[in-house]
Amino acid sequence: MAAIRLLVAGDDYDRIQGLKSGKIAIPGFELEYLTLEPGETFQRLFRKNEFDIAEMSFSTYLVALAKGGFPYRALPVFLSRVFPHGSIYIRTDRGIRTPADLKGRLVGAPSYHFTRGLVVRGILQDEYGLRPGDLRWRIGGVDRPEDYSYVAKPAPPGVEIEFIRPDQTLGQMLAEGGIEAIISYRDPEIVLAGAPGVGRLFPDFRNLEQDWFRRAGIFPAMHMVGIREALVDAHPDLPLRVCRAYEAAKRDCLPRLFDLDSLKVTLPWLVAETHATIALMGKDFWPYGLPKNRRMIETQARWSFDQGLTPVLFAPEEIFEASTLSWDP
């Protein structure tokens, strides 16, 4: 019998290379891996439902799940994870020294529903008492005009959200002083270029993030994996097999982080950094599966509800495909 072809989309992470190369296989299925930046994957996934299996925004999926009719289910495979403190960029000449100083300020973001924004707002409220409604939100492309409205534009009560003009960018507005902060998924180009008067709210973000991890035990997940519901109906064992394949690919890449003979990442102290990470977070520092991630999932679902993105507070068991709930690699 011919193998069933599956179109898989996602970014080019080290932790998926075994799947992409075919070294790790799912018997009976042939994976065609399409390498795309997350923004393009999400546009094509949420708007056009193009892929069989795809990288998927955590926050946007919750919004789509609450709305209903989205033909994918989530798998507890977290392809992208980032701590939030380093994602807030500010004007350094406006008296912004602490999160409290952001109250009433104009703050840009590429979308209100993106996961980095969800997590940053959650941290600002939980750790510093700054509510989303305390900030005035301006939505638009960071470095160039872009449209991230691939789900309905949220309008949480009590939160000012306005979209900038199509010919504007948040980066340029921050450089010119038209807004006073940005929450972004990567360093804005003006930051990389060393624009005067622009910097991070938390210059020492690494130590703050590590301290928060020690106290909260949470490594935020930005992206997970989605699988088409029709595939699950036709092949009920496929979700768990896909999870196991992603886990095998992740485990396959980890030894390269310890290889001093020939560094596989362009980072001089890669091996030392790997050991330091294990000392803080444990050997399975990038865990998959619901059991090891329950606290993180519950927290991010709570933030989504508290911030008015979802009208219901989802339990973890409601978010992921049923056959994967007890999977604990």
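The values are calculated or read from the model by the stated rules, or taken from the named source; none is laboratory data. Computed from a predicted structure; not experimentally measured. Using ideal geometry, Cβ is built from the backbone for each residue, glycine included, and neighbour counts are taken over all protein chains shown.
Summary of computed values
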quantity: Elements of type strands (runs of 3 or more DSSP E) in segment 1-109, at least 1 residues being more than 24 Å from residue 256 (Cα to Cα) and of a type in the set (D, E, K, R); calculated: 4-10, 29-35, 72-81, 88-91
quantity: Residue list for segment 276-293, restricted to those being surrounded by 13 or more Cβ atoms within 10 Å (Cβ to Cβ) and either assigned to a helix (DSSP H, G or I) or touching a strand residue (DSSP E or B) at 6+ places or on another chain (Cβ under 6 Å) (or both); calculated: 277, 278, 281, 288, 289, 290, 291, 292, 293
quantity: Sole exception among (1) touching a strand residue (DSSP E or B) at 6+ places or on another chain (Cβ under 6 Å); (2) modelled with pLDDT of 95 or more; (3) surrounded by fewer than 22 Cβ atoms within 10 Å (Cβ to Cβ) for residue 75, by number; calculated: (3)
quantity: Cross-chain or 6+ apart pairs with Cβ under 9 Å, segment 11-23 first and assigned by TED's automatic domain parsing to the domain that holds residue 255 and more than 16 Å from residue 40 (Cβ to Cβ), then among the polar types (S, T, N, Q) and assigned to a helix (DSSP H, G or I); calculated: 23/17
quantity: Identity of the residue in segment 78-93, closer than 26 Å to residue 225 by Cβ and among the aliphatic types (A, V, I, L, M), that ends up surrounded by the most Cβ atoms within 10 Å (Cβ to Cβ); calculated: 79
quantity: So residue 322, is it over 16 Å from residue 225 (Cα atoms) and either assigned by TED's automatic domain parsing to the domain that holds residue 133 or hydrophobic (A, V, I, L, M, F, W, C) (or both); calculated: no
quantity: Test for residue 59: is it under 28 Å from residue 318 (Cβ atoms) and touching a strand residue (DSSP E or B) at 6+ places or on another chain (Cβ under 7 Å); calculated: no
quantity: Whichever residue in segment 294-329 is of a type in the set (Gly, Ala, Ser) and part of a helix (DSSP H, G or I) and, among such residues, is surrounded by the fewest Cβ atoms within 10 Å (Cβ to Cβ); calculated: 322
quantity: Candidates 53, 96, 4, filtered to the one that is under 30 Å from residue 189 (Cβ atoms), of a type in the set (Val, Ile, Thr) and surrounded by 14 or more Cβ atoms within 10 Å (Cβ to Cβ); calculated: 96
quantity: Those residues of segment 147-168 which are touching a Pro at 6+ places or on another chain (Cβ under 8 Å), of a type outside the set (A, V, I, L, M, F, W, C) and under 17 Å from residue 114 (Cα atoms), in sequence order; calculated: 148, 156
quantity: Residues (surrounded by 18 or more Cβ atoms within 10 Å (Cβ to Cβ) and polar (S, T, N, Q)) located in segment 182-234; calculated: 184
quantity: Candidates 199, 178 - the one that is at pLDDT 95 or above, part of a loop (DSSP other than H, G, I, E, B) and either assigned by TED's automatic domain parsing to the domain that holds residue 52 or closer than 23 Å to residue 134 by Cα (or both); calculated: 178
quantity: Long-range neighbours under 8 Å by Cβ, at least six apart or interchain, first residue closer than 12 Å to residue 171 by Cα and in contact (Cβ under 8 Å) with a residue 60 or more places away in the chain within segment 187-211, second surrounded by 18 or more Cβ atoms within 10 Å (Cβ to Cβ) and among the basic types (Lys, Arg); calculated: 198/91
quantity: Boolean, residue 265 is hydrophobic (A, V, I, L, M, F, W, C) and either assigned to a loop (DSSP other than H, G, I, E, B) or surrounded by fewer than 17 Cβ atoms within 10 Å (Cβ to Cβ) (or both); calculated: yes
